[in-house]
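Report on one structure; see the data block that follows.
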Amino acid sequence: MASLPADAAGLVPHGEPFRMVRRILLCDDDAKVSRVECMIDDSGRMFAAADGVVYPEVFLEVIAQSAAAQHGYDRERRQDRDGAESAFLVGVRNFEVTGEAGIGDVLEVSLECLAQTDSVCSLRGVVFVRGQQVAAAEISVWHGASRQAVGIDK
């Protein structure tokens, strides 16, 4: 089992420059919360305006990647080789942007499980920059199939 903080590189299918998650910082099963560190570095300039301010829609991707990293971390620590490998964003509710982030800023994402079934989890994700909330959304993630079953890996 990986200790925390844990590198998120192998926990999500994203590669550079699309991978924004960097580390899993906290995983509290009892409280159903986790924290994930993200960053958009110079290789991700496509996610920002010319002045370096990250496009607001990118915060949704940061929340979704954080949820995917959490799912990967959970599978790794349970040594789950038979369960669902991938998690897919299937819904977004109550998306709000209250601030901004720039290229090179460290983003901390707080995830809270609101409800869960065998294959769908509803989460609230909140994005912070330097301790200030900049975005939040509720997302639904489906984690019910292997990558091969949905045609990602042949």
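The values are calculated or read from the model by the stated rules, or taken from the named source; none is laboratory data. Quick caveat: nothing in here was measured; it's all calculated off a predicted structure. Cβ: placed from backbone, ideal geometry, glycine included. Neighbour counts: every protein chain shown.
In segment 1-16, what residues are surrounded by fewer than 19 Cβ atoms within 10 Å (Cβ to Cβ) and outside any loop (DSSP other than H, G, I, E, B)?
Across segment 1-16, the qualifying residues are D7, A9, G10.
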_Residue within segment 38-49 that is among the charged types (D, E, K, R) and either touching a strand residue (DSSP E or B) at 6+ places or on another chain (Cβ under 9 Å) or crowded, with 21+ Cβ neighbours inside 10 Å (or both) present_ = no
_Quick check on segment 22-37: of everything there that is modelled with pLDDT under 90 and either more than 25 Å from L114 (Cα to Cα) or of a type outside the set (A, V, I, L, M) (or both), which residue is surrounded by the fewest Cβ atoms within 10 Å (Cβ to Cβ)?_
D30
*Which condition number does N94 fail, the rest of (1) out of contact with any Lys or Arg (no Cβ under 7 Å at 6 or more places or on another chain); (2) in contact (Cβ under 8 Å) with a residue 40 or more places away in the chain; (3) of a type outside the set (F, W, Y); (4) on the phi < 0 side of the Ramachandran plot being met?*
(4)
*For segment 24-51, which residues satisfy the criterion of being outside any strand (DSSP E or B) and more than 14 Å from L107 (Cβ to Cβ)?*
D29, D30, A31, K32, D42, S43, R45, M46, A49, A50, D51
*In this structure, does E61 turn out to be at pLDDT 90 or above and part of a loop (DSSP other than H, G, I, E, B)?*
no
*asked:* R19 - would you say it is surrounded by 14 or more Cβ atoms within 10 Å (Cβ to Cβ), more than 12 Å from the chain's Cα centre (by Cα) and not in a strand (DSSP E or B)?
replied: no
*Go through (1) surrounded by 18 or more Cβ atoms within 10 Å (Cβ to Cβ); (2) free of Cβ contacts under 8 Å to residues at least 60 places away in the same chain; (3) touching a helix residue (DSSP H, G or I) at 6+ places or on another chain (Cβ under 9 Å) one by one and return the number of the condition S66 breaks.*
(3)
*Since S86 meets every condition but one in (1) modelled with pLDDT under 90; (2) farther than 17 Å from L4 by Cβ; (3) exposed (fewer than 13 other Cβ atoms within 10 Å of the Cβ), which condition does it not meet?*
(3)
*Residue check, V53 β-branched (V, I, T) and modelled with pLDDT of 90 or more*: yes
